[in-house]
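The values are calculated or read from the model by the stated rules, or taken from the named source; none is laboratory data. Fair warning: this is a prediction, and the values are worked out from it, not measured in the lab. Cβ atoms come from the backbone with ideal geometry, glycine included; neighbour counts cover every protein chain shown. The area values use the complete protein model at the heavy-atom level, side chains included, leaving out ligands, DNA and RNA. Shrake-Rupley method; radii C 1.70, N 1.55, O 1.52, S 1.80 Å.
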Amino acid sequence: MEALGGRWGPIAVAAASAIVVAGAGAWLTTLGPWYASLRVPSWKPPDWAFGPVWTTIFTLTAIAGVMAWNAAPEGPERGWLLAAFALNGVLNIAWSGLFFRLERPDWALIEVAALWLSVAVLIVAVGCHSGLGAVLLVPYLVWVGIAAALNWSIVRLNGPF
């Protein structure tokens, strides 16, 4: 059990959290007939690209979380970090559920704004403790911005839902 304390504890928690969020999002993502029938903009990345991009983002996010946790003093500041990461994880999973499972890109478009804001909050929260950690979250913010633009385009091209 001592191995989970010290420096390995935050790494184990961050890795497990990233796997849970990624796994739940992947489970909710169904590329069935409904998705295949959607009209999408010409600039949409190919479907195969989403897996590697998200894997990179989740890896960078876990690293940023560990860096911030290790730099933050024990107490409320660490609690706020955990809360910010937990909220972000819930919003990340929720987007996949709204878009793919409920087939409601219009609702997902509203939710993606909250997801984007949660990433911005993460950058600020992590940046209070680790400048490099905050920088590692910038690709996440950019990717969610691209996802929001893609989501908006899909709503515009296919609505109403």
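Computed quantities for the displayed model
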quantity: Value at 222 nm in deg cm²/dmol, rounded to 500, when DSSP H runs of n ≥ 4 in the chain each add -39,500 (n - 2.57); calculated: -25500 deg cm²/dmol
quantity: Heavy-atom accessible area order for Tyr35, Tyr140, largest first, 1.4 Å probe; calculated: Tyr35, Tyr140
quantity: Given [x] 27; [y] 15; [z] 43, the label whose value is percent of Cα pairs over 27 Å apart derived from this model; calculated: [x]
quantity: Accessible-area order (highest first, 1.4 angstrom probe) of the listed residues Ile11, Ile123; calculated: Ile11, Ile123
quantity: Positive-end residue of Val135, Ala113, Ser42, charge dipole of the stretch 31-147 with Cβ unit charges; calculated: Ser42
quantity: Segment Lys44-Trp27, extension gain: residue separation times 0.36 nm, minus the distance between their alpha carbons; calculated: 4.0 nm
quantity: Between 0 and 90°, nearest 10: helix 105-127 axis offset from the chain longest Cα axis; calculated: 20
quantity: Nearest-0.05 FRET efficiency for Ala114 and Leu82, computed from C-beta distance (R0 22 Å); calculated: 0.75
quantity: Protection proxy ranking of 17-27, 37-47, 63-73, 150-160 - average other beta-carbon atoms within 10 Å, highest first; calculated: 63-73, 17-27, 150-160, 37-47
quantity: Crossing angle, helix 47-71 versus the chain [Cα axis fit, 0-90 degrees, rounded to tens]; calculated: 20
quantity: Neighbourhood charge, 14 Å Cβ-Cβ cut-off, centred on Ala147 and excluding it, Lys, Arg +1 and Asp, Glu -1; calculated: -1
